[in-house]
């Protein structure tokens, strides 16, 4: 099992550590998932997400390479800007979803999910040959800390010498926190304002403590999951996988009309099912794999579900037959043999 | 972690409070169990009047991460359930031995009570995981 450079910090904070994609990661701290969740919605929390992958792309044709290899268009980026993107396979689905940061002209840093570092690096290397680009797995060289919440900007500006408050969404800059060099991006996965901070692994405990001393509450992967779900954000492995077409989701905007790997299997394909939000009309926790019904017919399956810590309602994302994927449609989720009514809604659930 | 010595326990982490006459059993989950589950977000309780067997799954507690069956420690009839938990399931976390009680059973077989564990035996099992 792998450990991040913040492992000892988590233990000293009393974290409950669980296996996540081969990493020993904090699920929650003694505060509990609900309080951690609410702290991010009302103030600020920090997350260790150092298990995620970092991959550098270099080469004179790096932009052209990533235009082909990924679904969004990196040609729209300039140095200091990032974009959400996806890595398609050639069977009409995805290898992973990604963040792509433009470091310099024809130099990019990609963030991918921990569980997919191998497949992502492998496919990028395969495709890079035709473009004479270098694909360097830098995952062991970076720690990643997410500072999230409406209070995040105040905390970040207090601890950095640069004018962080002016940093626009999806942009990043190289700065210092407590003399530690960091890449600070105004991005996140919670539906709140916030930052993701890349730093050297040995500096991570320093950066972490600077943020907690400034008032950010340590939050585990449990709260990270309820926050992203409440915000309606997809999680690869739940909402998206090797068979899902992102054009059949609210993330169709990611897929730009250009030549890309596997395009013939994704572009213009009819959507038999669509990814929707569900709000439960009665108490009940819809979980991954639970069946969704309409008019007593099975129409799909839940991809993620929970009780919203903020609204205390049951919420879920689900792939359902396209004809029922209409806002306001009444459906039912089968929970332990019972059909619990729910309504198709458009996420986010917390606004 | 609290494990009151006046209660009886099951290997599946329920506690049982036995009335003086041995016929009324109040059931909840241990402090250890609620801590392991994390924040409880949903509780499904049995219908009062339901006849249950010892070891039968009769309730469900769902935390953010998982759903757990709750087993009847003894056979008998469910005579009361803690409906306050339906709106405030966090009572199980905040007060596992008092506000967080789940249901009461009228026991029909006093011999079953002897099968339950005392606090010391339960602590040993809980610690061994």
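Just so it is clear, none of the values below were taken in a lab; they were calculated from the coordinates. The shown structure was predicted, so the numbers you read here are calculated from the model rather than taken from an experiment. Cβ coordinates were reconstructed from backbone atoms using ideal geometry, including for glycine residues, and neighbour counts include every protein chain displayed.
Of note:
- DSSP beta bridges in chain A [antiparallel fraction, %, rounded to 5]: 95
- Residue among A:44, A:318, A:128 with the largest mean-square fluctuation in a Gaussian network model of chain A, springs linking Cα atoms under 10 Å: A:128
- Evaluated at q = 0.08, 0.12 Å⁻¹: base-10 log I(q)/I(0), Debye formula over Cα of the protein assembly as shown: -0.56, -1.09
- Legend: mean number of C-beta atoms from other chains within 10 angstrom of residue C-beta atoms, peptide A:276-287, equals 2.
- Ranked list, fewest to most other Cβ atoms within 10 Å of each Cβ, for B:66, B:26: B:66, B:26
- Between region A:274-351 and region B:1-17, the alpha-carbon center distance in angstrom: 37
- Stokes-Einstein D in µm²/s, Kirkwood radius over Cα pairs - region B:1-115 at 10 °C with 1.306 mPa s viscosity: 115
- Put the Cα centre of region A:153-180 next to the Cα centre of region A:230-246 and the gap is 30 Å.
- Largest GNM mean-square fluctuation across A:40, A:120, A:326, computed for chain A with C-alpha springs under 10 Å, falls on A:326.
- Taking the number of Cβ atoms within 10 Å of each Cβ as an exposure proxy, the fewest-first ranking of A:8, A:296 is A:296, A:8.
- Global form of region A:53-137, assessed from the alpha-carbon gyration tensor, a/c cut-off 1.5: rounded
- Average beta-carbon neighbours from other chains, 10 Å sphere, peptide B:61-69: 5
- Separation between Cα centres of region A:9-83 and region A:184-224, rounded to whole Å: 9
- The helix-based estimate of mean residue ellipticity at 222 nm for the protein assembly as shown, built from -39,500 (n - 2.57) per DSSP H run of four or more residues and divided by its residue count, is -5000 deg cm²/dmol to the nearest 500.
- For the listed peptides B:76-82, A:302-308, a ranking on the average number of other beta carbons within 10 Å per residue, highest first, reads A:302-308, B:76-82.
- Residue-averaged beta-carbon neighbours from other chains (10 angstrom radius) around A:335-346: 1
- Ordered by the number of other Cβ atoms lying within 10 Å of each residue's own Cβ, fewest first, A:319, A:253 fall into the sequence A:253, A:319.
- Region A:273-351 shape via C-alpha gyration tensor axes, a/c threshold 1.5: oblate
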